[in-house]
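What follows is a single structure, written as structure tokens, with notes after it.
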Amino acid sequence: CWNIIGSGIFISPKGVLEHAGSVGLSLIVWVCGGGICALGSMCYAELGVTIPKSGGDYSYVTEIFGGLVGFLLLWSAVLIMYPTTLAVIALTFSNYVLQPAFPNCLPPFIATRLLATICILFLTWVNCSSVRWATRIQDVFTVAKLLALALIIVVGLVQICRGHYDALRPSVAFEFSQDPSVGQIALAFLQASFAYSGWNFLNYVTEEIVEPRKNLPLAIYISIPLVTLVYTMTNIAYFSSMTPEELLASNAVAVTFGEKLLGMFSWVMPISVALSTFGGINGYLFTSSRLCFSGAREGHLPYLLAMIHLKNCTPIPALLVCVSTALTALSTLSKTHNLINYVSFINYLSYGVTIAGLLYLRKKRPNLARPIKVNMLIPISYMIFWAVLLGFSLYSEPVVCGLGMVIMLTGVPVYFVGVWWKDKPKWVYRLVERVTYMGQKVCYVVFPQEDPSETEPLTASKAID
């Protein structure tokens, strides 16, 4: 569950409350958001053991729907999901570092962007230099994340025991600052989903789990409720010390919480959250470069991105692409609030396409071996929620959400020109070879040895069908 609990819990509470319009409804959104993640993760568990290939959503969709749909998922992940998420977390890192120095105003725009850029570049260098360093940073900074959340929850419970829970009384909690609407509630779910966005990582290790049919659902049943409890308790703790107006006015919610309750130890909170977000950036750089790597091996991205450093065994070309797109998102997109709606909409779109693939696979290949087989009501319920959420989100934020769809669809001509069109002029192939060769020399990279188990399709299963 530590893959799910991330820096999003320090970012999303403000957006959830703003769209929900009341404390009570925002808490309901956090609880229901965890329930939706549980439904989705059970569907992903079935796909993970049915299609045992690395690459997650991208590999499943490519196997089920073919190259075009898989490429569009990869295209949106490389250009939207991972870069925007990195930009949001990096901005949160810089805000929490700088906020104590600017207690009465927002940190300067240029200062937050500059610090976020430095952080991304430094962690890219770490990931290019050593896989061991990257994993150690992740392990160490996970402690800071858990420390910050534990401190918030414990202090909040102490406040409640002392009788400071006025904002949580039912008569007050459901006082709406705006008229509730389905569209605004949908956007509140998008904001919450950003904090839960690691739930689909649970099935990435299905090949390594002993007895996945038994242990993978068990891991889901334990981790998702635990994460939901932690997130809900964190928000309850916030409301034990802050009014809704104070929370909405805060640029760094955890810092405001610490200043009100921790006194001379208030410095602990911004440091803990900054360390947590620092680790979050490192984790997303690691996983996004791995996705580029998988896409290149499938032939959907330039082969240079499937190469690793000769000595350090790190995917330097893929990391350079990831950092370039992240810095572009950081420099071109402004409000963190809009960034979260933008990336969460595309995330949910990808989840829905993947789970629709599960339903399609059930119909087209009913005899396929499925070590885990969920009840049909689970994916159907998820798809109904998915359709309502995306429909009303697009209605409420047509520009922000529509922009993501437009960028995703730009991948269609790119796919047909770059992947589907095989008989290109010879000069195109010569140019690609020359660029690949130059990239190899600059980055000192080569193709790794392939593991047939990761690249071989479900030949045996297809033969059975």
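Would you confirm whether any residue within the stretch 149-161 is open to solvent by 70 Å² or more (accessible area, probe 1.4 Å) and more than 29 Å from Phe278 (Cα to Cα)? Show your work before the answer.
Restricting attention to the stretch 149-161, the residues satisfying the condition of being open to solvent by 70 Å² or more (accessible area, probe 1.4 Å) are 154, 157, 161.
From the residues that got through so far, the ones that are more than 29 Å from Phe278 (Cα to Cα) too are 161.
Within the stretch 149-161, one or more residues are open to solvent by 70 Å² or more (accessible area, probe 1.4 Å) and more than 29 Å from Phe278 (Cα to Cα).
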>> It is to be established whether one or more residues within the stretch 285-299 are open to solvent by 10 Å² or more (accessible area, probe 1.4 Å), at pLDDT 85 or above and either assigned to a helix (DSSP H, G or I) or not acidic (Asp, Glu) (or both).
In response: yes
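Would you say Phe257 is open to solvent by less than 40 Å² (accessible area, probe 1.4 Å) and more than 25 Å from Thr84 (Cβ to Cβ)?
Numbers: open to solvent by less than 40 Å² (accessible area, probe 1.4 Å): yes; more than 25 Å from Thr84 (Cβ to Cβ): yes.
Criteria met by Phe257.
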> Taking only pairs six or more apart or across chains, which ones have beta-carbon atoms under 7 Å, a first residue in the stretch 383-412 that is at pLDDT 90 or above, and a second residue that is exposed (fewer than 15 other Cβ atoms within 10 Å of the Cβ)?
Replying inline: Phe392/Val182; Leu394/Gly402
>> Going residue by residue through the stretch 14-34, is there one that turns out to be surrounded by 23 or more Cβ atoms within 10 Å (Cβ to Cβ) and closer than 25 Å to Val406 by Cβ?
In response: yes
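Okay, residues lined up against (1) touching a residue at least 40 places away in the same chain (Cβ under 8 Å); (2) among the hydroxyl-bearing types (Ser, Thr, Tyr); (3) under 21 Å from Val227 (Cβ atoms):
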| residue | (1), (2), (3) |
| --- | --- |
| Pro13 | yes, no, yes |
| Val49 | yes, no, no |
| Tyr58 | yes, yes, no |
| Val69 | yes, no, no |
| Met81 | yes, no, yes |
| Asn95 | yes, no, no |
> What residue, of Asn200, Asn235, is touching a helix residue (DSSP H, G or I) at 6+ places or on another chain (Cβ under 7 Å), modelled with pLDDT under 85 and assigned to a helix (DSSP H, G or I)?
Replying inline: Asn200
> Hey, Ala144 hits all of (1) at pLDDT below 85; (2) assigned to a helix (DSSP H, G or I); (3) open to solvent by 30 Å² or more (accessible area, probe 1.4 Å) but one; which does it fall short on?
Replying inline: (3)
> What number of residues within the stretch 366-382 are part of a helix (DSSP H, G or I), more than 21 Å from Ile346 (Cα to Cα) and either polar (S, T, N, Q) or in contact (Cβ under 8 Å) with a residue 40 or more places away in the chain (or both)?
Replying inline: 1
> What residue, among those in the stretch 335-365 that are free of Cβ contacts under 8 Å to residues at least 60 places away in the same chain and touching a helix residue (DSSP H, G or I) at 6+ places or on another chain (Cβ under 9 Å), is farthest from Cys401 (Cα to Cα)?
Replying inline: Lys364
> Checking Pro83 against (1) open to solvent by 10 Å² or more (accessible area, probe 1.4 Å); (2) assigned to a helix (DSSP H, G or I), which single condition isn't satisfied?
Replying inline: (1)
>> Checking Ser334 against (1) of a type outside the set (Phe, Trp, Tyr); (2) modelled with pLDDT under 90; (3) farther than 30 Å from Cys128 by Cβ; (4) open to solvent by 50 Å² or more (accessible area, probe 1.4 Å): exactly one of these is not met. Which one?
In response: (3)
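The values are calculated or read from the model by the stated rules, or taken from the named source; none is laboratory data. Note that the coordinates shown come from a computational prediction; the quantities given were computed from them, not determined experimentally. Cβ sites come from the backbone with ideal geometry, for glycine too, and all protein chains shown count toward neighbours. The protein model used for the area step is the full one, side chains on, heavy atoms only, and it has no ligands, DNA or RNA in it. Shrake-Rupley method; radii C 1.70, N 1.55, O 1.52, S 1.80 Å.
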